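Trainee: This structure is in structure tokens; I'll ask about it shortly.
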Amino acid sequence: MQGDLLERFADTQSALIAALDAGDTAAMIAHTRDLGGITDALRNQGVLRADTSTRSQLDSLLKFNTAAAQRLRFLRDHVERRVAEIQGEEAYSTYSAPVRRA
């Protein structure tokens, strides 16, 4: 059962990354909610088996998690920069190229 949940988690996390890349807010919210439910189910099962298969799945999940986190940081930076521009402030970029004005 844990293997099935970990597989569902990986699939949902991949879908979340795709939604982040597409800028699909409704899908982002839905996939985030789904990930929360899967996480709760895993937590309720207790300690994960420490076999080779589970470790491999967890390593893959960590990579997906890192990819999603990087995308979220980039999107947050983009939104903060756009808000600063709208407010007439100088826009600073952490994860993207600075805005150059002619």
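The values are calculated or read from the model by the stated rules, or taken from the named source; none is laboratory data. These numbers come from a predicted model, not from an experiment. FYI the Cβ positions are ideal-geometry reconstructions off the backbone, even for glycines, and counts take in every protein chain you see.
Trainee: How many residues are modelled with pLDDT of 90 or more and either touching a Ser or Thr at 6+ places or on another chain (Cβ under 7 Å) or not in a helix (DSSP H, G or I) (or both) if we restrict to segment 11-27?
Mentor: So the answer is 2.
Trainee: Out of the residues in segment 71-102 that are among the polar types (S, T, N, Q) and surrounded by 10 or more Cβ atoms within 10 Å (Cβ to Cβ), which is modelled with the lowest pLDDT? Write out each step before concluding.
Mentor: Our first condition is that a residue be among the polar types (S, T, N, Q); within segment 71-102, this holds for 87, 93-94, 96.
Retained after the next criterion (residues that are surrounded by 10 or more Cβ atoms within 10 Å (Cβ to Cβ)): 93-94, 96.
Details: Ser93: 63, Thr94: 65, Ser96: 55.
Result: Ser96.
Trainee: Now for a different question. Filter segment 33-47 down to the residues that are of a type in the set (Asp, Glu) and crowded, with 17+ Cβ neighbours inside 10 Å and list them by number. Outline the logic, then answer.
Mentor: As a first pass, look at segment 33-47 and keep what is of a type in the set (Asp, Glu): 34, 40.
Listed by number, the list holds a single entry, Asp34.
Trainee: Moving on. For Lys63, all conditions in the list (1) in contact (Cβ under 8 Å) with a residue 40 or more places away in the chain; (2) within 18 Å of the chain's Cα centre (by Cα) hold save one; what is the number of the exception?
Mentor: Against the list (1) in contact (Cβ under 8 Å) with a residue 40 or more places away in the chain; (2) within 18 Å of the chain's Cα centre (by Cα), Lys63 comes up short only on (1).
Trainee: Another one. Sort through Ala30, Ala50 and tell me the only one that's at pLDDT 90 or above and surrounded by fewer than 16 Cβ atoms within 10 Å (Cβ to Cβ). Spell out the reasoning first.
Mentor: Numbers: Ala50 fails: at pLDDT 90 or above.
The unique qualifying residue is Ala30.
Trainee: Something else about it: Which residues, taken from segment 11-27, are surrounded by fewer than 17 Cβ atoms within 10 Å (Cβ to Cβ) and within 25 Å of Gly46 (Cβ to Cβ)?
Mentor: If the condition is that a residue be surrounded by fewer than 17 Cβ atoms within 10 Å (Cβ to Cβ) and within 25 Å of Gly46 (Cβ to Cβ), then Asp11 is the only one that fits.
Trainee: Considering Thr25, Thr54, Thr32, which residue is hydroxyl-bearing (Ser, Thr, Tyr) and touching a residue at least 24 places away in the same chain (Cβ under 8 Å)? Give the derivation first.
Mentor: Numbers: Thr25 fails: touching a residue at least 24 places away in the same chain (Cβ under 8 Å); Thr32 fails: touching a residue at least 24 places away in the same chain (Cβ under 8 Å).
Just a single option satisfies the conditions, and that option is Thr54.
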